[in-house]
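Taking it in order: structure first as structure tokens, then the write-up.
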Amino acid sequence: MSASIHNGSRKDINGRPHIYYDGYWIRYYAPPEETLAAKRDLLLSLTRRTFHHTEPGINTPGQKTEAARASYETEQDPARKRVNAAMLAGALFNRATDIFTSIVDLESQGIEVHQDNELMRECSECFSEALELGKQVRHPSGHEGIDELWGEPFNVFTHTIASYYASRYIKISQTMKAIDDIAARIETV
């Protein structure tokens, strides 16, 4: 691939828009307008996806956060404490999503909520704690390694939608490169 093409360059291939990252042309989808409602919709979609790819039983409703925290803090058995940490992470994750949804609802009523508002800070704190506790969450197979998936909604909350989309294109190009490297290795064996 040509080194003269810059990351983020776009062109149509077979009548469809593509974007270039790290040697690969990837199908391009324009990010939605940068609004809280668009962020909420993306956040809700990623939240569903995240819980779909985690161990069952941790999609704890946000209103159960205090009960989940109490169970986590009092549990002594390490295996159960890990499960309680995952459940608390799920509750915090859902609480953050609930708060953000409420903020969007307020904005739709004409009530402006600034970044330094207490609700926004609480939402951010819930996401941060959920991200930290999310290290205890497992994939449905029982294996660890869902950190990136668990962190995607937090990235949507803390970055612009456009930068989130760009990060996905970079991830896709890295995946395509890894696949090409594996294919090349298989050919030599």
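Assorted remarks:
- Contact map, the range 171-189: residues that are assigned to a helix (DSSP H, G or I) paired with residues that are among the charged types (D, E, K, R) and surrounded by 11 or more Cβ atoms within 10 Å (Cβ to Cβ), Cβ distance under 6 Å, separation 6+ or inter-chain. Pairs shown: SER173/ASP22.
- Members of the range 56-98 that are β-branched (Val, Ile, Thr) and surrounded by fewer than 19 Cβ atoms within 10 Å (Cβ to Cβ): THR74
- Residue count for the range 29-55 satisfying the condition of being closer than 22 Å to THR160 by Cβ and crowded, with 17+ Cβ neighbours inside 10 Å: 8.
- Positions within the range 13-39 being of a type in the set (Asp, Glu) and either within 25 Å of PHE100 (Cα to Cα) or not assigned by TED's automatic domain parsing to the domain that holds ILE179 (or both), in sequence order: GLU33, GLU34
- Being closer than 28 Å to ALA67 by Cβ, among the basic types (Lys, Arg) and surrounded by fewer than 19 Cβ atoms within 10 Å (Cβ to Cβ) is true of LYS135.
- Residues in the range 9-19 include at least one that is surrounded by 15 or more Cβ atoms within 10 Å (Cβ to Cβ) and in contact with a helix residue (DSSP H, G or I) (Cβ under 9 Å, 6 or more places away or on another chain).
- Condition broken by ALA37, with the remaining ones in (1) hydrophobic (A, V, I, L, M, F, W, C); (2) touching a residue at least 60 places away in the same chain (Cβ under 8 Å); (3) closer than 21 Å to LEU131 by Cβ satisfied: (3)
- Evaluation of GLU144 against the conditions (1) at pLDDT 90 or above; (2) surrounded by fewer than 21 Cβ atoms within 10 Å (Cβ to Cβ); (3) within 28 Å of ARG168 (Cβ to Cβ); (4) not hydroxyl-bearing (Ser, Thr, Tyr) shows that the sole unmet condition is (1).
The values are calculated or read from the model by the stated rules, or taken from the named source; none is laboratory data. Given the structure is predicted, the values throughout are model-derived calculations rather than measurements. All Cβ positions, glycine included, derive from the backbone under ideal geometry; neighbour counts span all protein chains shown.
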